[in-house]
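The structure appears below as C-alpha cells.
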Amino acid sequence: MRFIPLAVAGLSALVLTACTTGKEAGPSLGAPKPSGASSQALPPATLELWHGFSTDAEVKAFEDAIAGFNKKFPQIKVNAKKGIQDDQITAAIRGGKAPDVAASFTTDNVAQWCSSGAFQDLTPVIKSDGIDLTVLPAASRSYTEFQGKRCMMPLLADAYGMFYNKALMKGEQPPKTLSELTELTKKLTVRDADGNIKVAGFMPSTQYYENSPSHLGPMTGAKWYNEDGTSAIGSDPAWKELLTWQKDLVDWFGYEKLEKFRKSLGDEWGAEHPFFEGKVAMVLDGEWRTAMIANDPEAKSLDYGTAPLPVSDTKPDLFGSGFTAGSVIGVPRGAKNPQHAWELVKHLTTDTESLVTLSNALRNVPTTKAAAESPNLSDDEKFKTFLDIFSHPKTSTLPANINSVFNQDVFSTFLIQWEKGAVKDLDAGLKDVDKRINDKMKLSGG
Amino acid sequence: MASPVHAAPKPSRWRRSEGLRALVWMSPFLVGLMVFLIYPLIATVYYSFHRYDLFTLEFIGLDNYAYVLKDERVWQSATNTLWLVVFMVPAQLLFALGLALLLTKIKTGAAIFRTIFFLPSLIPLVAGTVAFVFLLNPGTGAVNQVLAAVGITGPDWFGDPAWSKPSLTMLAMWGVGNTMMIFLAALLDVPKHLYEAASIDGAGAFRQFRSITLPMISPVLMFSTITGVIYALQYFTQAMIASRVASGSTDSAGSVFTPGYPDGSLLTLPQHLFQSGFRDWSMGMASVHALMLFVAAMVFTLILLRQFRFAEEAR
C-alpha cells in the first residue's frame, strides 16, 4: 500500500510530461531581417527539407529547384527527404525533431497547423522582406492561412477543369452551361439494348473519381463557409441549384445503372482510366492529368481537349473559373535554422525560375503571376486552360478550416444518400449538414 | 516491559526484504505494465475530458462524451463492430474447427491440405484484402464472371451495404489458418482411447464430438474465442482497405476518402477512432472512442469467461 502514493506520483509525472509534449520551442522565425544581400550573408547551415514527392521525376524536379537556391546561397546545404506524409510531419514537430522546412500535398491540415502553432507564422518575415502577396491569386492566399496567421506558402497549385474526348464529342464543342452539359451528356451517352451504359457523356455521380463537392461547387459558385466560419452549405442557394441539377442527371441515367457502370470502370490512376479507354466523353479533372496522358504509352495518342467547367445558366460570369488547391510549404516550430529555412521557402514559392522548373517537370500550375506568364513555361494549349482557370478572379478553393476533413466527410456522405434518392427533403438535409459541421466546430473550439 | 508485539520485528524485516526482492524481480514487468498499460489508460481518461489537437490542451469537462453519445457515426461504427463480433468471430471459429476436424480425418495428403489451408494466413493483410476486392469486383471480378457462367447474377459484394460485411467475413474465413492450426493441435492432443471407449459404448460421431472433443478442447476454444472477439473489436486494416479500394476514391486536393464505404457499412469503431484522432485532430474525442472499446472488450471477455466456466461446471 505504501507504494500507491509513489505510483500515483509517478503516473502524474508521466501524464504531466505527456501534456506538455510538443511544447518545446526552437529558435523562432520573425526577427526582422531584410532579405537580399544581408540574407545572403547568413552563416553556413544544413537544412532539412521534408516533402511528399516520391517518383524519380518528381524528386529530380524538386532537386533542380533546390539547385537554383544553392546558386543564391552556396553556404546553405539542403538535405531533401522524399515521400513524407503529414502524419510524419506532425509527429516530428510534437517530438521536437522537426525539419527546417516541410511541404504537404494537401491543404486539409493547414488550419490546425496554423492555429496550434505547429508551423511558424510567416507574416513578420513576409512583411520585412517586402513580399507582395497579391502576386498570388486570392484562392491560394486563402488555403495557406487561417484566422490571420499565414503559416504556409503555396508551392504548386492544382486547377480543375474539363477534359473532353474529341472522337466521342461527335463534332460538338465543350459545354459552357449546366443545361448544355445535360443536353450533351444525353446526346453522347450510349446504352445497350438492356439500357446498360456503354459510354457515358458525363458522370454526374459525386462518387466518381474527382467529382467531389469541392471540385463541383465552383460550377454554381457554391460557398462552404460563412464569414464567421460556420457552414454555408444549407444557406447558400448555389448548393441547392448544383445538387438539383446533378440529381436530375443521375435520375436520367438511373442510379442503379450509373452505379453499375461506375463500378465496372478501371482504376483512376492506372492505364485503364475510363477517359483513356473512351468510356466517358467528358470528365472533371485536374491539370496533372495532362502529364499522365502524355506519359501513358497508350493514352498519349488520345485526341482530347481541355476547357473550363460549365457553369450555372444564371451565372455566366463564372465561366472560366474553377476549383484550385495545391501543395503547401512552411517552417515548422522547432526548426533549427528558421531564417535559412524561410529563405528556402521564399525561393521555392516566389522565385519565377524555380516555379517554372517545377511546373515544367511536374505539370502543376505555378502559383505566381510572373511564373504563369513566363516565356520559359512549356507551351501547351491543353495545360494553358488550367493556367487561365487558376488565374480567373472567380476561381475558388476550400478555405482552410479546423475541421476540413470532417466537413468534407459529412457533406460527401450526405451526397451519396442524396444521389441514391434516400433524401426526401434537400433543404432539411443540407440544414442537417450545417448542424453537424457547426456542432463539431464548437467542440473543436472554432 | 516486553510484549508479544515486540517479538515480531525479525520476521517482519525478513518479509520486507523478501517483498523488496520480489519487487525487484518483478520490476521489468511492472515498468512495462505502467508504461504500456496503466499510463496509456490514465492518459486516455485524462484526454477524454479535454480538447486536445495533439499540440494544445484545454479542459472541456464532459463535452466529448456528450458529443460522442449524439454522433450517429459512432453508433453506426459500434453496430458494425458488434456485427463482426457476433457473426464474423463464430464463422471464423466454426470454419477453423471444421477444417481442423477435416484434417484429422484425412488419411493421405493431410500435409498438403494443411499447407493449402494455412497459406492464406501468411499473405499480408493489405495484399490479401486488395486481391479479394478485385476478385469480388461486380464488373470485372472473376467470382461474378464464374457465377454468371452458371446463370447466377453475383451480388455487388463490397459495393452493397447488405453484402459488404458478409464479404469481409468470407475474407476472414479465408485467412483462418492460424486458428485452424491451434485447433488441429488441440484435436490431436485428445487421447484416442476416449473415442475407443465411447465407440464401444455405442456413442455415435456427434455424441463423441459433444462429449469428448468439445470438453477436451474447451480451453483452446475459450482462448480462440476471447482473442477472436478482441481482434474483431480492433478490426481496422481489412475494412479500411476494402472500403478504399471498392470506393475507388483517393485523397487529392479538395477530395478526401471517407472510410466505411459503402454507406458506412464497413466503418468500424477503431477506424472512426483513427479518423477522429488523426484526421480530424480531435484526440479528446478519440480517447472517448478508445474507452468505449476498452469497456466493450472487458465486458465481452468477462461474459465469455463466465459462460465457459458455467459450461465447465455443467459438465
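The values are calculated or read from the model by the stated rules, or taken from the named source; none is laboratory data. Keep in mind it's a predicted model, so treat the numbers as computed, not measured. We place every Cβ from the backbone using ideal geometry, glycine too, and count neighbours over all the protein chains shown.
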Can residue A:303 be described as more than 11 Å from every other protein chain (Cβ to nearest Cβ), surrounded by fewer than 20 Cβ atoms within 10 Å (Cβ to Cβ), touching a helix residue (DSSP H, G or I) at 6+ places or on another chain (Cβ under 8 Å) and at pLDDT 95 or above?
no
Those helices (runs of 4 or more DSSP H) lying entirely in segment A:182-282 with at least 1 residues over 30 Å from residue B:133 (Cβ atoms):
A:237-253
Whichever residue in segment B:262-293 is assigned to a helix (DSSP H, G or I) and at the interface with chain A (Cβ under 8 Å from one of its Cβ atoms) and, among such residues, is surrounded by the most Cβ atoms within 10 Å (Cβ to Cβ):
B:285
Assuming residue B:301 fulfils every condition listed in (1) within 14 Å of another protein chain (Cβ to nearest Cβ); (2) part of a helix (DSSP H, G or I); (3) of a type in the set (S, T, N, Q) apart from one, which condition is it?
(1)
Testing residue B:238 on (1) of a type outside the set (Asp, Glu); (2) in a loop (DSSP other than H, G, I, E, B); (3) under 23 Å from residue B:296 (Cβ atoms), one condition comes back false. Which one is that?
(2)
Which count do you get for residues in segment A:406-446 that are part of a loop (DSSP other than H, G, I, E, B), without any contact (Cβ under 8 Å) to a residue 60 or more places away in the chain and more than 8 Å from chain B (Cβ to nearest Cβ)?
4
Answer yes if at least one residue in segment A:119-139 is crowded, with 21+ Cβ neighbours inside 10 Å, farther than 27 Å from residue A:42 by Cβ and either touching a strand residue (DSSP E or B) at 6+ places or on another chain (Cβ under 9 Å) or without any contact (Cβ under 8 Å) to a residue 40 or more places away in the chain (or both), and no otherwise.
yes
Only one of (1) at pLDDT below 90; (2) out of contact with any Asp or Glu (no Cβ under 9 Å at 6 or more places or on another chain) does not apply to residue B:241, and that is (1)
Within segment B:68-77, residues being surrounded by fewer than 20 Cβ atoms within 10 Å (Cβ to Cβ) and away from chain A (no Cβ under 12 Å) number 2
Which pairs do you get when a residue that is more than 17 Å from residue A:399 (Cα to Cα), found in segment A:311-331, comes within reach of a residue that is of a type in the set (Lys, Arg), reach meaning Cβ atoms under 6 angstrom, with the pair 6+ apart or on two chains?
A:318/A:394; A:319/A:176
Inspect segment A:181-200 for any residue being in the same structural domain as residue A:309 (by TED's automatic domain parsing), of a type in the set (Ser, Thr, Tyr), touching an Asp or Glu at 6+ places or on another chain (Cβ under 6 Å) and more than 30 Å from residue A:342 (Cα to Cα) and give the result as yes or no.
no
Complete set of residues in segment A:180-221 that are away from chain B (no Cβ under 13 Å) and acidic (Asp, Glu)
A:180, A:183, A:192
Looking for something surrounded by 19 or more Cβ atoms within 10 Å (Cβ to Cβ), of a type in the set (Asp, Glu) and closer than 29 Å to residue A:157 by Cα - is there at least one such residue anywhere in segment B:251-258?
no
Report yes if residue A:111 is within 16 Å of the chain's Cα centre (by Cα), away from chain B (no Cβ under 12 Å), small (Gly, Ala, Ser) and under 30 Å from residue A:396 (Cβ atoms), otherwise no.
no
Could you say whether any residue in segment B:106-116 is on the phi < 0 side of the Ramachandran plot, exposed (fewer than 15 other Cβ atoms within 10 Å of the Cβ) and in contact (Cβ under 8 Å) with a residue 60 or more places away in the chain?
no
Quick one: which residue in B:60, B:38 is within 23 Å of the chain's Cα centre (by Cα) and not basic (Lys, Arg)?
B:38
Quick one: in segment A:226-253, which of the residues that are farther than 19 Å from residue A:427 by Cβ and in contact with a strand residue (DSSP E or B) (Cβ under 9 Å, 6 or more places away or on another chain) is nearest to the other protein chains (Cβ to nearest Cβ)?
A:253
Of residues in segment A:266-300 being charged (D, E, K, R) and either buried (at least 22 other Cβ atoms within 10 Å of the Cβ) or touching a residue at least 12 places away in the same chain (Cβ under 8 Å) (or both), the one nearest to the other protein chains (Cβ to nearest Cβ)
A:268
Of the residues that make up segment A:345-361, is at least one more than 22 Å from the chain's Cα centre (by Cα) and surrounded by fewer than 18 Cβ atoms within 10 Å (Cβ to Cβ)?
yes
Which of the residues that make up segment A:364-389 are within 15 Å of the chain's Cα centre (by Cα) and under 24 Å from residue A:54 (Cβ atoms)?
A:364, A:365, A:366, A:367, A:386
Select, from B:296, B:246, the only residue that is more than 12 Å from every other protein chain (Cβ to nearest Cβ), part of a helix (DSSP H, G or I), over 18 Å from residue B:70 (Cβ atoms) and not β-branched (Val, Ile, Thr).
B:296
Which residues, taken from segment B:42-67, are in contact (Cβ under 8 Å) with a residue 60 or more places away in the chain and more than 10 Å from chain A (Cβ to nearest Cβ)?
B:44, B:48, B:49, B:65
Out of the residues in segment A:74-99 that are touching a helix residue (DSSP H, G or I) at 6+ places or on another chain (Cβ under 7 Å) and small (Gly, Ala, Ser), state the one that is nearest to the other protein chains (Cβ to nearest Cβ).
A:98
Inside segment B:145-178, can you point out the residues that are part of a helix (DSSP H, G or I), over 25 Å from residue B:267 (Cα atoms) and either within 14 Å of another protein chain (Cβ to nearest Cβ) or within 16 Å of the chain's Cα centre (by Cα) (or both)?
B:145, B:148, B:177, B:178
